[in-house]
Amino acid sequence: MKPILVFQTDFTYKEGAVCAMYGVVKSVDRELEIIDGTHEIPQFDTWSASYRLYQSMRFWPEGTIFVSVVDPGVGTPRRASVALTADGYYIVSPDNGSLTHVHDAVGITAIREIDENVNRLKGKGTEGVSIFHGRDLFSYCAARLASGIIEFEGVGPAYTVEEIVMHTMHRPKLREGRAEGILEINDPNFGNIWTNIPTQKFLEAGFKYGEKVNLTILHDEKEVFSEPLIFDMSFGDVSKGEPIIYNNELMLVALAVNQGSFTDTYQIRYGPDWTVVFTK
Amino acid sequence: MKPILVFQTDFTYKEGAVCAMYGVVKSVDRELEIIDGTHEIPQFDTWSASYRLYQSMRFWPEGTIFVSVVDPGVGTPRRASVALTADGYYIVSPDNGSLTHVHDAVGITAIREIDENVNRLKGKGTEGVSIFHGRDLFSYCAARLASGIIEFEGVGPAYTVEEIVMHTMHRPKLREGRAEGILEINDPNFGNIWTNIPTQKFLEAGFKYGEKVNLTILHDEKEVFSEPLIFDMSFGDVSKGEPIIYNNELMLVALAVNQGSFTDTYQIRYGPDWTVVFTK
Amino acid sequence: MKPILVFQTDFTYKEGAVCAMYGVVKSVDRELEIIDGTHEIPQFDTWSASYRLYQSMRFWPEGTIFVSVVDPGVGTPRRASVALTADGYYIVSPDNGSLTHVHDAVGITAIREIDENVNRLKGKGTEGVSIFHGRDLFSYCAARLASGIIEFEGVGPAYTVEEIVMHTMHRPKLREGRAEGILEINDPNFGNIWTNIPTQKFLEAGFKYGEKVNLTILHDEKEVFSEPLIFDMSFGDVSKGEPIIYNNELMLVALAVNQGSFTDTYQIRYGPDWTVVFTK
């Protein structure tokens, strides 16, 4: 079977952009299967684009092609690329930081810049358009790759993976009885916030499910939260409305309020300027 | 053909959760067809989850498998189950009230608790995760059932349908010239509100399309609205901006403002504490 | 292969309406492929419905069937129709202005009113419902057409294309060094606003990429914006936060703020009462 195309963008479904992209795919090959990853990445946020790829990719069949279009630099000299990951997925995306987490955690083994002369939509009157590569370049090229019209080599010229545009990654620091990291991303629906600290290392540092842990959160090095909270396996291990430190869906240490919002309750956001320190 | 999987959750599309779930399904069996029912059930609202299943299920082919994940008790001892309805659909869901309307109106004839030893995702590093049964348990088990890898008996141990967790249902009371019920649910997009009174019984009680009806709404037994309104077949039977009593899509008596919002205009919500009385 | 069904409505995914419609399609024919165009057309806004069809239709394979349900007059005598376009697409829609742009720009060559006696859902207890033609009429009829159960002639009686309900279209006026038009529609996600002025004609009038252009915006003939702005090919041709006149995805002159929102920054909306004048 031909690989599935999974799309993520910051376009929303409020107008016809997604519909136009999907039409391009189906016009290349009616058989191709399209799945919405999400079209609600925060606008221009290549960090979130990068994280969402990392969060969901591993659950898909090998060979799946991810089309990620969060592209604030569309029409500027940033590269439009197709990356091949160490575990056998393709990512069709602007090379603008959107590849960071997958390259850091899994590894990108090869990357090619899309050749617009070959892999750009023609015949629809959009040859003069510079602002919708999601439709004219990424969807079209991804569909050709999925359909087998081109192989990976047919995308365009290869460049070295060292050239991939990367956001700065922050490593957690753990020692017996202490773990320090950043608030790396949120769950914007439920108001949970995820650290970059692996739960396995957290457990190895001596923290135990069911015990209280001292949590301090700093924003720009200024303390904004300091409380002992229960560390446990699920939200329901504390009462409704109570905060909890829990093991999230990616086996990372995370913060939640049971049936509430940690981010709204405590006005905590995420990013490299948000530091967390856990002590026993 | 293999049964379709129709999903409803309170996850939204704001991050990668839905994408991860669908990846799990496709990794079980590439052929399976996934349809979004909705991912915008109000958070933790098992009443709405229950109603939305009831609202849409009958329109699907027999054998369709509904995966409903509104799961405030994830990781607690609430049961994760697969139910079989009297009209031949499957519902894969936490047994937490989400099955209420279908069980009440159609009937659930058999239910089984998902055996985590057999029907939980393995090999993706999520064995230690307790907070995402939508991905690790419900999607995975539903995909196995749809694919034919397991039969219904392979889900896990059966339990009696009398044990199903039910919300309290409220019955309307009708007599000649009078109908009393509750505001059971809303249409959150258009601001319409639906009662639990069947239009057929309403007509039998002597109410007639095109005639004025006295409507009183009580909240916690206190009157909050009392006006004679036209009862008719469609919104356009009153002027734009005017309120109307109408026959809704499920043949229930409902309240709307033509091209407006009844709920916003009159500050009316829904639930068992919202009573409606119609008199001639 | 059977034609794809592309849906657009103003229903959102907040409740079970879309799910019920798609169930109807799949109950007619399991093989039919359904794609979300958008379910976030602004409520009752047949102008936007019309524009979104025009915006995306050309990118789909010939024969694709678009089901457009923005239907403020549901249950009133407005016609429920299937239109055939000059380029070979079908549109299943209320004939209420939703066909305007496609008919104006491409041409509708034949149109038929849906015969409710033949092409309305039966056997699901919704025969008495007047307010959900999206489910009971449009989806059902579209599925029968896509499936080959009926031909176009089987939709119902033909009527002349001159009878199609049209919104008023506004034509741009261009001469050397001057272009006048309206703000025809927005991109509600990114806050861009699109004029009705073709970029090709704009270039022919002497405007050049990379040069400053004097832009005046009038609302109800009162000046609300007057500034010289750069006209260029993409957002990134000005600094972040700066306004720009650009060539949009449909080769029309449009207004944006780079990585910002033109509509929010300058409080500019769209519609026939919003006039734009560009001069050198």
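The table that follows gives values for the structure above.
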| item | result |
| --- | --- |
| Hits in the range A:49-65 (condition: at the interface with another protein chain (Cβ under 9 Å from one of its Cβ atoms), within 23 Å of residue A:251 (Cα to Cα) and in contact with a strand residue (DSSP E or B) (Cβ under 7 Å, 6 or more places away or on another chain)) | A:51, A:52, A:53, A:56, A:57, A:60 |
| Qualifying residue in the range A:140-163 (condition: away from every other protein chain (no Cβ under 14 Å), surrounded by fewer than 19 Cβ atoms within 10 Å (Cβ to Cβ), closer than 30 Å to residue B:130 by Cα and touching a Gly at 6+ places or on another chain (Cβ under 9 Å)) | no |
| The listed residue being more than 26 Å from residue A:57 (Cβ to Cβ) and of a type in the set (S, T, N, Q), out of A:100, A:126, A:109 | A:126 |
| Residues of the range C:164-178 classified as more than 16 Å from residue C:272 (Cα to Cα) and touching a residue at least 40 places away in the same chain (Cβ under 8 Å), total | 4 |
| Any chance residue B:275 is crowded, with 18+ Cβ neighbours inside 10 Å, of a type in the set (S, T, N, Q) and either within 12 Å of chain C (Cβ to nearest Cβ) or not in a strand (DSSP E or B) (or both) | no |
| Test for residue C:48: is it of a type in the set (S, T, N, Q), assigned to a helix (DSSP H, G or I) and either at pLDDT 95 or above or buried (at least 23 other Cβ atoms within 10 Å of the Cβ) (or both) | yes |
| Pairs, first within 8 Å of chain A (Cβ to nearest Cβ) in the range C:235-253, second assigned to a loop (DSSP other than H, G, I, E, B) and modelled with pLDDT under 95, C-beta under 6 Å, six or more apart | C:236/A:73; C:236/A:75; C:236/A:76 |
| Unique match (being within 12 Å of another protein chain (Cβ to nearest Cβ), touching a helix residue (DSSP H, G or I) at 6+ places or on another chain (Cβ under 7 Å) and in a loop (DSSP other than H, G, I, E, B)) among C:73, C:37 | C:73 |
| Failed item, numbered, when residue A:111 is tested on (1) on the phi < 0 side of the Ramachandran plot; (2) in a loop (DSSP other than H, G, I, E, B) | (2) |
| Failed criterion for residue C:122 (all others in (1) buried (at least 22 other Cβ atoms within 10 Å of the Cβ); (2) within 14 Å of chain B (Cβ to nearest Cβ) hold) | (1) |
| Scope the range A:1-34; condition in a strand (DSSP E or B) and touching a Pro at 6+ places or on another chain (Cβ under 8 Å); matching residues | none |
| Counted residues, the range A:59-83 - those being farther than 30 Å from residue C:242 by Cβ, touching a residue at least 40 places away in the same chain (Cβ under 8 Å) and surrounded by 19 or more Cβ atoms within 10 Å (Cβ to Cβ) | 6 |
| First in the range C:28-43 and farther than 24 Å from residue A:17 by Cβ, second anywhere and of a type in the set (A, V, I, L, M, F, W, C) and in a loop (DSSP other than H, G, I, E, B), Cβ under 7 Å, 6 or more apart | C:30/B:1 |
| Verdict on residue C:92 being touching a Cys at 6+ places or on another chain (Cβ under 7 Å) and not polar (S, T, N, Q) | yes |
| Residue identified as touching a strand residue (DSSP E or B) at 6+ places or on another chain (Cβ under 7 Å) and either among the small types (Gly, Ala, Ser) or away from chain B (no Cβ under 14 Å) (or both) among C:84, C:32 | C:84 |
| Strands (runs of 3 or more DSSP E) wholly inside the range B:175-238 containing at least 1 residues that are within 22 Å of the chain's Cα centre (by Cα) | B:178-187, B:192-198 |
| Qualifying residue in the range A:92-102 (condition: more than 13 Å from chain C (Cβ to nearest Cβ), hydrophobic (A, V, I, L, M, F, W, C) and outside any loop (DSSP other than H, G, I, E, B)) | yes |
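The values are calculated or read from the model by the stated rules, or taken from the named source; none is laboratory data. Computed from a prediction, not measured in an experiment: that's the story for all the values here. Heads up, the Cβs are rebuilt from the backbone with ideal geometry, glycines too, and the neighbour counts pull from every protein chain shown.
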